Every structure is written in C-alpha cells, then in structure tokens.
C-alpha cells in the first residue's frame with residue numbers, strides 16, 4: 001500500500017481521501033482508484049467472508065477490462081456490481097504479485113481515465129521525452 005500511495009500521489013494533481021470506510025485516489029475530484037468497504041458482492045471463495053481488502057481501478061473501457069481480467073495470475077476480478085462498468089478489482093494482498101512497474105502502469109492507466117485531457121496530454125508527453 002505504501003507503493004500505491006507513492007505512485008498514485010506522484011501523478012499530476014492526484015489527491016487522496018481517507019474516510020472511515022475507504023481510501024480513494026482522485027484527480028480533479030474524480031476517483032481513479034479506491035479501496036472498497038465490505039460489500040456483499042465481494043466474498044472470499046474459500047471462506048465465504050466479505051472481503052474488506054479490495055481495490056478498484058478504473059480502466060479505459062470494457063475491452064481493456066476483459067483483457068485485464070484474462071490475466072492468468074488471478075490477480076484481478078470483477079463482481080456483478082461492476083458489470084458494464086470500466087473497472088477491475090484486486091485484492092490488496094495480490095498486489096505483491098505485481099512488480100513496481102506493472103503497479104505503476106495500472107495506476108497510471110486508471111489516472112488517465114479521469115484526468116483532464118490537457119493534463120493527461122502534458123504528462124504523456126513528459127513520459128515520452130523521459131524515455
């Protein structure tokens with residue numbers, strides 16, 4: 001979670017809100033990643049208990065969502081609540097299966113879905129010139 005904080009808040013104009021139930025990362029007041037509170041639609045398949053350690057990441061569209069959900073490492077999942085919505089879920093413990101660069105790509109892609117176009121365009125140009 002420390003990496004998530006550092007990477008998300010390192011993006012332009014990103015902020016973090018923490019409440020009793022969740023933690024959200026926003027850009028221009030729009031959530032691009034959030035920790036979900038316990039919900040009846042996210043349960044541990046082994047114990048049947050509600051999961052309280054789930055992160056939601058926005059994705060570009062439903063095709064990207066399907067591509068990410070096809071990852072054979074079983075890091076990402078969805079629930080009926082998110083049918084037709086461009087977002088994937090991941091358990092916080094499963095983030096350990098991602099290297100830092102892959103986590104950054106996931107966060108940055110989520111951020112790009114919510115950032116203002118001019119901000120996103122400037123950031124992408126900066127990233128290209130750094131490569």
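Some values worked out for this structure:
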item	result
Filter result for the condition that a residue is buried (at least 16 other Cβ atoms within 10 Å of the Cβ), modelled with pLDDT of 95 or more, under 24 Å from residue 123 (Cα atoms) and out of contact with any strand residue (DSSP E or B) (no Cβ under 7 Å at 6 or more places or on another chain), over 26, 7	7
When residues of the stretch 10-23 are limited to those that are in a loop (DSSP other than H, G, I, E, B) and in contact (Cβ under 8 Å) with a residue 60 or more places away in the chain, the one surrounded by the most Cβ atoms within 10 Å (Cβ to Cβ)	11
Which listed residue, of 42, 115, is surrounded by 14 or more Cβ atoms within 10 Å (Cβ to Cβ) and either in contact with a helix residue (DSSP H, G or I) (Cβ under 7 Å, 6 or more places away or on another chain) or modelled with pLDDT of 95 or more (or both)	115
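The values are calculated or read from the model by the stated rules, or taken from the named source; none is laboratory data. Every value quoted in this text rests on a predicted model; they were computed, and no experiment measured them. For neighbour counting, all protein chains shown are included, and Cβ atoms are generated from backbone atoms with ideal geometry for every residue, glycine included.
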